[in-house]
Amino acid sequence: MKRAIFLLLPIISLVLAGVAVDFASAQTAVPPVITDDQVNAIAHQLYCPVCENIPLDVCPTQACAEWRELIRQKLAAGWTEQQIKDYFVEQYGDRVIGAPPARGLNWLVYVIPPIAIVAGVIVLALVYRAWRRPLPAAKSDGTPADDYLRRMEEELEKSK
């Protein structure tokens with residue numbers, strides 16, 4: 001019986017070691033797979049701080065490739081889209097985001113266009129109404145041209 005236990009002891013220890021390895025590997029988190037689409041969804045909203053007016057997702061520079069990789073790393077670390085955008089604004093300023101934040105004088109960007117559109121519609125309505133209004137009848141002041149026009153109108157009335 002002791003001999004059987006000595007034979008089973010290595011087998012039991014191997015089984016327990018295998019279970020421990022499986023348990024340990026199950027505990028280690030596999031980093032999430034971040035796709036290019038996820039990275040580009042955020043990179044499309046950011047602009048290259050080096051190039052002018054080029055979104056980060058299509059900029060061919062090495063710096064932008066590194067920034068896209070940084071976005072990938074931050075997404076893998078569990079950062080949200082807003083946290084990543086805030087990080088880039090903190091590092092490079094407001095110029096890296098597509099739409100300026102509504103603070104300081106930037107709020108005028110959001111207010112002036114609607115006001116201009118409403119003012120333009122009002123001006124067009126007033127002009128249209130003025131065009132549709134009939135012209136007042138010309139008063140005769142006794143000039144030869146007025147007499148000529150009066151005779152022409154009389155002749156037209158007779159011919160009808």
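Criterion first (at pLDDT below 90 and outside any helix (DSSP H, G or I)) does Ala145 satisfy it? Step through it out loud before you land on a result.
On the way: at pLDDT below 90: yes; outside any helix (DSSP H, G or I): no.
When the stated conditions are applied, Ala145 does not pass them.
Taking the residues in the stretch 99-128 that are surrounded by fewer than 11 Cβ atoms within 10 Å (Cβ to Cβ) and either in contact with a strand residue (DSSP E or B) (Cβ under 6 Å, 6 or more places away or on another chain) or small (Gly, Ala, Ser) (or both) as candidates, determine which candidate is farthest from Val50 (Cα to Cα). It comes out as Ala125.
Across the stretch 42-62, the qualifying residues are those that are exposed (fewer than 13 other Cβ atoms within 10 Å of the Cβ) and at pLDDT 85 or above, and the one among them that is nearest to Arg95 (Cα to Cα) is Val58.
In the stretch 40-52, the residues that are small (Gly, Ala, Ser) form Cβ pairs under 9 Å with partners that are surrounded by fewer than 22 Cβ atoms within 10 Å (Cβ to Cβ), at six or more places apart or across chains, as follows: Ala41/Asp57; Ala41/Glu81; Ala43/Pro55; Ala43/Asp57; Ala43/Val58; Ala43/Cys59; Ala43/Arg68. Checked against (1) in contact (Cβ under 8 Å) with a residue 12 or more places away in the chain; (2) of a type outside the set (Val, Ile, Thr); (3) within 11 Å of Ile42 (Cβ to Cβ), Ala63 meets all criteria but (3).
The values are calculated or read from the model by the stated rules, or taken from the named source; none is laboratory data. For clarity, every value in this text was computed on a predicted model and none was experimentally measured. Every residue, glycine among them, receives a Cβ derived from its backbone with ideal geometry; neighbour counts consider all protein chains shown.
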